[in-house]
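Colleague: What follows is a single structure, and I will ask about it in a moment.
The values are calculated or read from the model by the stated rules, or taken from the named source; none is laboratory data. Quick caveat, the model's predicted, so the values are computed rather than measured. Don't worry about glycine lacking a Cβ; one is built from the backbone with ideal geometry, like all the others, and counts go over all protein chains shown.
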Amino acid sequence: MKKTIFLAAVVLSGGVLVQAGNKPQTGTIISENSVACGSKAEKKTTIAVLCQEYIVRTVSTDYHIRQLKPSDKALIPINTPIEFTLDNDKIKFKANGKSYEYQIVSEAAAPEPRQAADAVKP
C-alpha cells in the first residue's frame, strides 16, 4: 500500500516538472547578428551561408538563438517583445503575428539592471 502511494506521488510530481518547462515566458529581442551557419556549393565555388542569431533577454537569462534553416529569411525587429516556450534545445515564439522556432545556441545570466544612482556619477 505504501509503495503504491509513493509511486503515485513520484509519477504526479514528475508530471508537474515536465509541465514546468513549457510555461510561457516573456522576453525581448535585444540584438541581431548574422553568423556563418554552413556553406553551399555553386558551380565550382563554395559560398558561406549566413543565419540570423538573436539575443532574447528575460529578467534573469539571455538566450542566444539561431535559425533552424538558413532559408528562413524573415528579420525580427530589435526591441520586439515576445512570449515564448522552451522545448529541449528549441525556443518557440510569436512575433508580429508569425510563429517562429529557433535553436538555442547558448544561454547566460542577464546583467543586473542599473540603478538610477549608478547612472548619475558626480
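Colleague: When region 49-94 is examined, which residues are found to be surrounded by 15 or more Cβ atoms within 10 Å (Cβ to Cβ), of a type outside the set (S, T, N, Q) and within 12 Å of THR26 (Cβ to Cβ)?
Modeller: Scanning region 49-94 gives VAL56, ARG57, ILE82, PHE84, PHE93.
Colleague: Now, a different point. Among the residues that make up region 25-43, is at least one of them at pLDDT 90 or above and on the phi > 0 side of the Ramachandran plot?
Modeller: no
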